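The values are calculated or read from the model by the stated rules, or taken from the named source; none is laboratory data. Quick caveat: nothing in here was measured; it's all calculated off a predicted structure. With ideal geometry, Cβ positions are generated from the backbone for all residues, glycine too; neighbour counts draw on all protein chains shown.
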Amino acid sequence: MKNILIKTILMFIFAVTVLTLYSFRPENRHFINDYQYQLFKSWVERGNFRIEGKANITHNSIALVFQNRELEKETVVKFALDGGNIVHQSEVIELIDFKIDKSRLSYLPYIEQLLFRVNSNYDFFITDYITRLNIDLCLVNNCNADSVANYLINNHTDQRLTITSLNFEEEQDNKLSCQIVFNDHLTLQVLFNDTDNLDDLALSLRGQEFHSDNLRKISQTLPDVVYPAYTQNAYLYPIPQTFDDLLDTDIIPKHIDSIKMSNFFSNYKDYSWSREMLHNKIQDPKLFLQDQFPNHTIDYEKNNIELKTESFKNIFNGNLKLIYQKLRDGIVFNSCNQYHLEQNNNVTLTTGETVSFENLNSYEIDNVVPFMNQLVIMHRAIGTKLLNFLLIPADVPTTFVLRDPDRQVIYFDSYTDLLLMLSHYWQGHNIYFNIDNVKIINDYVEIEASLIANKNNQDNFDFAEIKFALNSHFRIDLAMIVVHTNVTSKLEEERVP
């Protein structure tokens, strides 16, 4: 009962926080050109949409929730920004619904942009896009662009197309194919013909004008989008800068950990936090890991990598075990997912430590254990660039309690954002992370963990207590982390049996 009450209180606080976020209603003046605005109007008209809820605004994008006026089904749209103008639009695909290899995630934004155009009212929005990006679309054996685009638009006027299945496959000649199954069982093959230059082609697409004759026709028939009266001002600005934008300026000290953690979070929480795409920037994975983990010994066996370091106080483990793949477009690191189930429901993870699951049944263990290796390795990569490869998307309500030494409570709508902030602050630290307890509370799984961030084997360190509540699908539903800064060894010995 106590656990349910805590969840209810946290959700209420989270809801109140969301209501205070920026509001945004796209208007003609916000788009880089009339083409993008007409595309937006066409999409809204076909979906019979209204805006529902908050706008999530960052330095380079705006996310809005749209709801069908009749069916009340929600769709999240991401507007990409360049210089404060909307340069392209995409329907956000929920990764949780599909199993997509991490090496293919970089292609997902192109599928999301295509989906937005497929759900417009005019086929030339589709053909413009695939022509510019050198993409082929095929329905069964029909790969004629005009024919396929016409079919997608005109044979589904009574419904929006949503994706129910998504599968990437390598084709001959280094081409990449994505097979999409829509809600009406229609199967569309998307063939990327020029993956090496895809990013450059996409940049050339931004802000381009096409088919001026078509635009003139539809601009006369499509009404402007009218929004109901709203009590708050709906401005595009101010858009927060990214934290990385400040690293080359004098706005912040060069050594981040010279700032008190409480000041760091107070000053920079509202900046945009995002992972860095590194897969095509690393030439030598060994040199990369040696640079990121100078206090670890590193052993290589084919594509398996083991990083070892001395435990902290003989209690906390900082070892990692990885696998890496060399792909055509770069290098990818993943956690190893091997584990061994021992007697009494004890599980030995790939890094060697044992976690007790004694009060979980076999079904719960089968669903929770595969996630443990990911959770452990992700946290031990905090403070390094390896974290960019291992982050698990966790857009869940997160309570951050900081004792520095005064108590401060900060609410995040994404555990991922909190990890990225901590990773910036703890650069150059050794990170140790343990799973302390996995148990059932009121029929739900809870995970308790602890973390140490120590720099240069100093006597003082930061200590974190972490709790995750999982939902009925065994996914993180709520997160809470309490960080004590500048903990002494004596205090830590008192806290940890």
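Of the residues that make up the stretch 424-431, is at least one among the hydroxyl-bearing types (Ser, Thr, Tyr) and either in contact with a Lys or Arg (Cβ under 9 Å, 6 or more places away or on another chain) or not assigned by TED's automatic domain parsing to the domain that holds PHE316 (or both)? Spell out how you get there, then give the answer.
Taking the stretch 424-431 first, the residues among the hydroxyl-bearing types (Ser, Thr, Tyr) are 425.
This time we only want the ones that are either in contact with a Lys or Arg (Cβ under 9 Å, 6 or more places away or on another chain) or not assigned by TED's automatic domain parsing to the domain that holds PHE316 (or both), so: none.
No; the residues of the stretch 424-431 include none that is among the hydroxyl-bearing types (Ser, Thr, Tyr) and either in contact with a Lys or Arg (Cβ under 9 Å, 6 or more places away or on another chain) or not assigned by TED's automatic domain parsing to the domain that holds PHE316 (or both).
In summary, PHE316 fulfils each of the numbered conditions (1) under 23 Å from PHE463 (Cα atoms); (2) surrounded by fewer than 13 Cβ atoms within 10 Å (Cβ to Cβ); (3) of a type in the set (A, V, I, L, M, F, W, C) with the single exception of condition (2). Quick one: which helices (runs of 4 or more DSSP H) lie wholly within the stretch 97-173 and hold at least 1 residues that are in contact (Cβ under 8 Å) with a residue 60 or more places away in the chain and more than 24 Å from the chain's Cα centre (by Cα)? Because the criterion is at least 1 residues that are in contact (Cβ under 8 Å) with a residue 60 or more places away in the chain and more than 24 Å from the chain's Cα centre (by Cα), the helices (runs of 4 or more DSSP H) in the stretch 97-173 that meet it are 124-132.
Taking SER356, is it hydroxyl-bearing (Ser, Thr, Tyr), without any contact (Cβ under 8 Å) to a residue 12 or more places away in the chain and assigned by TED's automatic domain parsing to the domain that holds ASN295? I'd like the intermediate steps shown before the answer.
Working: hydroxyl-bearing (Ser, Thr, Tyr): yes; without any contact (Cβ under 8 Å) to a residue 12 or more places away in the chain: no; assigned by TED's automatic domain parsing to the domain that holds ASN295: yes.
The answer is no for SER356.
Looking only at residues in the stretch 474-493 that are over 17 Å from ALA449 (Cα atoms) and modelled with pLDDT under 85, which one is surrounded by the fewest Cβ atoms within 10 Å (Cβ to Cβ)? The selected residue is LYS490.
Might you check whether a residue that is without any contact (Cβ under 8 Å) to a residue 24 or more places away in the chain and either out of contact with any helix residue (DSSP H, G or I) (no Cβ under 6 Å at 6 or more places or on another chain) or not assigned by TED's automatic domain parsing to the domain that holds ILE481 (or both) occurs anywhere in the stretch 328-335? No, the conditions are met nowhere in the stretch 328-335.
Determine whether VAL44 is at pLDDT 70 or above, closer than 26 Å to ASP158 by Cα and in contact with a Lys or Arg (Cβ under 9 Å, 6 or more places away or on another chain). Spell out how you get there, then give the answer.
Numbers: at pLDDT 70 or above: yes; closer than 26 Å to ASP158 by Cα: yes; in contact with a Lys or Arg (Cβ under 9 Å, 6 or more places away or on another chain): yes.
Against the criterion (at pLDDT 70 or above, closer than 26 Å to ASP158 by Cα and in contact with a Lys or Arg (Cβ under 9 Å, 6 or more places away or on another chain)), VAL44 qualifies.
Counting residues in the stretch 342-356 that are assigned to a loop (DSSP other than H, G, I, E, B), of a type in the set (A, V, I, L, M, F, W, C) and either farther than 17 Å from GLU446 by Cβ or touching a Phe, Trp or Tyr at 6+ places or on another chain (Cβ under 8 Å) (or both) gives zero.
Is it fair to say THR127 is surrounded by fewer than 18 Cβ atoms within 10 Å (Cβ to Cβ) and more than 30 Å from ASN388 (Cα to Cα)?
Working: surrounded by fewer than 18 Cβ atoms within 10 Å (Cβ to Cβ): no; more than 30 Å from ASN388 (Cα to Cα): yes.
It is false that THR127 is surrounded by fewer than 18 Cβ atoms within 10 Å (Cβ to Cβ) and more than 30 Å from ASN388 (Cα to Cα).
Applying the selection to the stretch 100-144, what residues are of a type in the set (Gly, Ala, Ser) and touching a strand residue (DSSP E or B) at 6+ places or on another chain (Cβ under 6 Å)? If you could, list the steps in order and put the result at the bottom.
We begin by selecting, within the stretch 100-144, every residue of a type in the set (Gly, Ala, Ser); these are 103, 106, 120.
Residue satisfying the conditions is SER103 alone.
Meeting the requirement of 1 or more residues that are among the hydroxyl-bearing types (Ser, Thr, Tyr) and closer than 21 Å to THR351 by Cβ, the strands (runs of 3 or more DSSP E) wholly within the stretch 363-470 are 430-441, 444-454.
For the stretch 336-378, the set of residues classified as of a type in the set (S, T, N, Q) and within 16 Å of ILE476 (Cβ to Cβ) consists of ASN367, ASN373, GLN374, listed by residue number. Residues considered: ILE410, ILE435, ILE382, ILE365. Of these, the only one that is at pLDDT 90 or above, more than 24 Å from PHE265 (Cα to Cα) and surrounded by 15 or more Cβ atoms within 10 Å (Cβ to Cβ) is ILE435.
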